[in-house]
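A short write-up of the structure that comes next.
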Amino acid sequence: MKRIACSLLLTTLTLMGCQPAPQGDAQAPAAEPQQTHQWKLVTSWPKNFPGLGMAPERFAEKVNAMSGGRLTVTVYGAGDLVPAFEVFDAVSQGTAEMGHSAAYYWKGKAPATQIFTSIPFGMNAQEMNGWLNYGGGMALWREVYAPFGIIPLVGGNTGVQMGGWFNKEINSIDDLQGLKMRLPGLGGEVLSRVGGVPVALPGRELFTALQTGAIDATEWVGPYNDLAFGLYKAAKFYYYPGWHEPGTTLEFLINQAAYESLPADLQAIVETAAQAVNQDMLDEYTTRNIAALDTLVNEHGVELRQWPEEVILALREANAEVMAEQVATDPMMKKVYEHYRAYQAGVGRYHSISEEAYNAIRR
Ligand code: CA
């Protein structure tokens with residue numbers, strides 16, 4: 001009866017042109033003060049850089065919107081607050097509450113960090129997401145970062161990257177002798193093993209380094225990001241596929257004390273926004289890479305080349321040696337790598353009769 005009466009009253013008010021106040025307002029506590037949190041997020045990318053740099057921007061937008069302004073995140077590009085390669089320390093020390101970067105930049109902190117980004121001849125994006133989110137990979141990542149007071153979250157995936165930009169054709173392993181190439185992480189170790197010289201440089205320095213001859217070659221990400229840096233103006237040969245980074249996972253780093261200072265709902269918002277951005281980046285690269293590749297080849301005369309089989313076989317052999325050495329020197333590296341490889345073997349077995357089998361018949 002009460003409901004009917006209310007309903008009649010509402011109808012009458014509406015007919016009279018009076019809008020009843022929204023029900024929520026009457027029940028909300030009277031002007032209860034709510035604590036707000038202002039976080040700084042430092043990144044290893046130029047501010048608003050396409051792809052990589054958009055993940056932290058979109059994360060900040062989502063968190064600001066979902067929290068109704070209770071948690072606001074301000075994004076800083078590389079060098080704005082701290083340099084690209086000091087993101088980890090800045091978050092660990094609390095200079096910034098958050099960071100967005102790639103875990104393999106921190107191999108000097110702990111060798112195992114490299115496995116959470118991408119490893120040569122390792123898993124692709126779909127498989128990395130499976131391992132991290134359902135396969136136990138994330139628990140290991142948290143274990144590796146815990147001594148530094150940092151909590152990692154997934155922060156995007158580029159998919160299979162490109163093999164890089166070269167001033168000359170690479171026809172045999174001899175062509176890599178003495179070649180100075182920007183190649184981070186374990187890929188660099190593998191290059192070194194076959195006679196090349198790996199160099200670590202942040203993205204914003206790549207074009208100048210390549211153009212001035214400070215380096216002979218570089219990889220970066222894939223067509224969409226490489227076009228944005230104009231790397232085609234400094235080198236002509238563009239090799240595929242990126243054997244060294246088959247499914248690069250980006251990361252959000254969170255200062256543990258800052259995270260623990262948040263109420264549970266804001267913690268959930270941070271984690272959910274990171275997951276959303278993780279998928280969003282892969283979807284954007286999937287869409288934009290092919291258009292960028294067409295522009296590179298058709299408008300800028302880029303020469304697309306597949307790695308010769310001889311070179312890939314030598315790199316794969318060198319990779320096995322590098323990984324055997326890496327796991328022998330660091331117990332955590334061994335633990336994470338063995339876990340990763342066991343997952344890759346299982347998922348690889350299934351993907352050989354699903355993804356790979358399907359790709360082979362749809363052409
Ligand atoms: Ca790369």
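Report the paramagnetic label zone for Val197: residues of segment 158-179 whose backbone N is under 14 Å from a point 7 Å from Cα along the Cα-to-Cβ axis.
Hits in segment 158-179 for Val197 at 14 Å: 176-179.
Roughly what would the spin-label model give for Ser261 and Ala345, points 7 Å off Cα along C-beta, in nm?
With each label point 7 Å from Cα toward Cβ, the separation is 4.6 nm.
Please state the charge dipole magnitude for the chain, taken about the Cα centre, from unit charges on C-beta atoms (+1 on K and R, -1 on D and E), reported in debye and rounded to the nearest 20.
600
Where in segment 128-150 does the amide nitrogen come within less than 18 Å of the point 7 Å from the Cα of Asp330, taken along Cα to Cβ?
Only 137-150 fall inside the zone, counting backbone N under 18 Å.
Extending each Cα 7 Å along its Cβ direction at Asp283 and Gln306, get the distance between those two points in nm, one decimal.
With each label point 7 Å from Cα toward Cβ, the separation is 3.2 nm.
Looking at the chain as a GNM with Cα springs under 10 Å, which of Gly69, Gly79, Gly53 has the largest mean-square fluctuation?
Result for the chain, Cα springs under 10 Å: Gly69 fluctuates most.
List the residues whose amide H sits under 5 Å from the amide H of Tyr240, counting only those 5 or more places along or on another chain, with H placed 1.01 Å from N in the peptide plane.
Gly163, Arg305, Gln306, Trp307
Work out from phi, with θ = phi - 60° and the Karplus expression 6.51 cos²θ - 1.76 cosθ + 1.60, the ³J(HN,Hα) of each residue of segment 347-357, listed in order in whole Hz, and give x for Gly and Pro.
5, x, 4, 6, 5, 5, 9, 10, 3, 5, 5
For Ser354, put the label point 7 Å out on the Cα→Cβ axis and report which residues of segment 137-164 keep their amide N under 12 Å from it.
No residue qualifies, since no backbone N sits under 12 Å from the label point.
From the phi angles alone, apply the Karplus equation (6.51, -1.76, 1.60; θ = phi - 60°) to segment 169-178 and give each ³J(HN,Hα) in whole Hz, x where the residue is Gly or Pro.
Along segment 169-178, the couplings run 6, 10, 9, 8, 5, 4, 5, 8, 4, x Hz.
Please arrange Ser354, Ser192 by counting, for each residue, the other beta carbons lying within 10 Å of its beta carbon, fewest first.
So the ranking, lowest neighbour count to highest, is Ser354, Ser192.
Under 10 Å, Cα contacts only: if you run a Gaussian network model on the chain, which one of Gly122, Gly301, Gly137 comes out with the highest mean-square fluctuation?
Evaluated over the chain, the most mobile residue of the options is Gly301.
Check cross-link reach from Lys335 to the aspartates and glutamates: straight Cα distance under 18 Å, and skip same-chain residues fewer than eight apart.
Glu143, Glu321, Glu325
Of the options Tyr76, Val91, Ala112, report the single residue whose Cα projects farthest towards the positive end of the charge dipole of segment 60-123 (beta-carbon charges: Lys, Arg +1; Asp, Glu -1).
The residue sitting most towards the positive pole is Ala112.
What number, in percent, do you get for the relative contact order of the chain if the mean sequence gap of Cα pairs under 8 Å and at least 6 apart is divided by its residue count?
Relative contact order, the chain: 21 percent.
Pull up all non-local amide H partners of Leu250: gap of 5 or more, or a different chain, and H-to-H distance under 5 Å with H placed in the peptide plane.
Residues meeting the amide H criterion: Gly155, Gly156, Asn157, Thr158.
Exposure proxy check: Phe237, Phe49, Phe59 ranked by fewest other beta carbons within 10 Å?
Starting with the residue having the fewest Cβ neighbours, the order is Phe237, Phe49, Phe59.
Roughly how far apart, in whole Å, are the Cα centres of segment 220-263 and segment 279-306?
After rounding, the separation between the Cα centres reads 15 Å.
Once phi is turned into θ = phi - 60°, what whole-Hz ³J(HN,Hα) does the Karplus curve with 6.51, -1.76 and 1.60 give for every residue of segment 240-253, x standing for Gly and Pro?
9, x, x, 4, 7, 9, x, x, 5, 8, 8, 9, 9, 10
Only the coordinates and a few stated rules stand behind these numbers; no lab work does. Here the structure is a predicted model, which is why all the values come from computation and not from measurement. Neighbour counts are summed over all protein chains in view; Cβ atoms, including those assigned to glycine, are modelled from backbone coordinates with ideal geometry.
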